[in-house]
Amino acid sequence: MTSFCFKGQRVLVTGGSGGLGSSIVRKFYEAGATVFALDWDKKSLLDLQKELPELKIVEADLTKWSEVRAIVEELGPLDHLVNNAGTAIISTSLTTTEEELDKYCFEQIISIRS
């Protein structure tokens with residue numbers, strides 16, 4: 001298996017405490033990077049930090065632009081950014097409600113295009 005060295009590199013991973021995000025965080029951490037895991041779920045961030053003691057955790061809601069900007073500026077220079085955060089509707093096309101579609105899909109599409 002190929003190994004990578006990120007020693008001395010600073011990496012920010014959004015959505016860093018979830019399934020894919022936590023795997024990304026672990027790989028960069030194992031490769032020697034200083035890793036910042038950003039997520040809105042503080043409990044999951046703290047659980048991940050127990051596993052990876054040198055992990056830097058950042059609790060933030062990416063929908064709050066001004067707060068996120070201030071937080072990221074406080075982190076200082078970064079070498080890498082992994083934009084992993086996202087949303088999902090956990091239901092089938094037959095059981096998804098209009099409210100779920102409005103909340104997750106339409107708003108996300110509009111905000112991407114604006």
Margin query: Scan the range 77-88 and tell me whether some residue there is of a type in the set (Gly, Ala, Ser), surrounded by 12 or more Cβ atoms within 10 Å (Cβ to Cβ) and at pLDDT 90 or above.
Written below: no
Flagged pairs (Cβ under 7 angstrom, 6 or more apart or on separate chains; first in the range 6-21, within 13 Å of ILE57 (Cβ to Cβ); second polar (S, T, N, Q) and assigned to a helix (DSSP H, G or I)) are GLY16/SER22; SER17/SER44
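The values are calculated or read from the model by the stated rules, or taken from the named source; none is laboratory data. Source: prediction; values computed, not measured. All Cβ positions, even for glycine, are placed from backbone atoms using ideal geometry, and neighbour counts span all protein chains on display.
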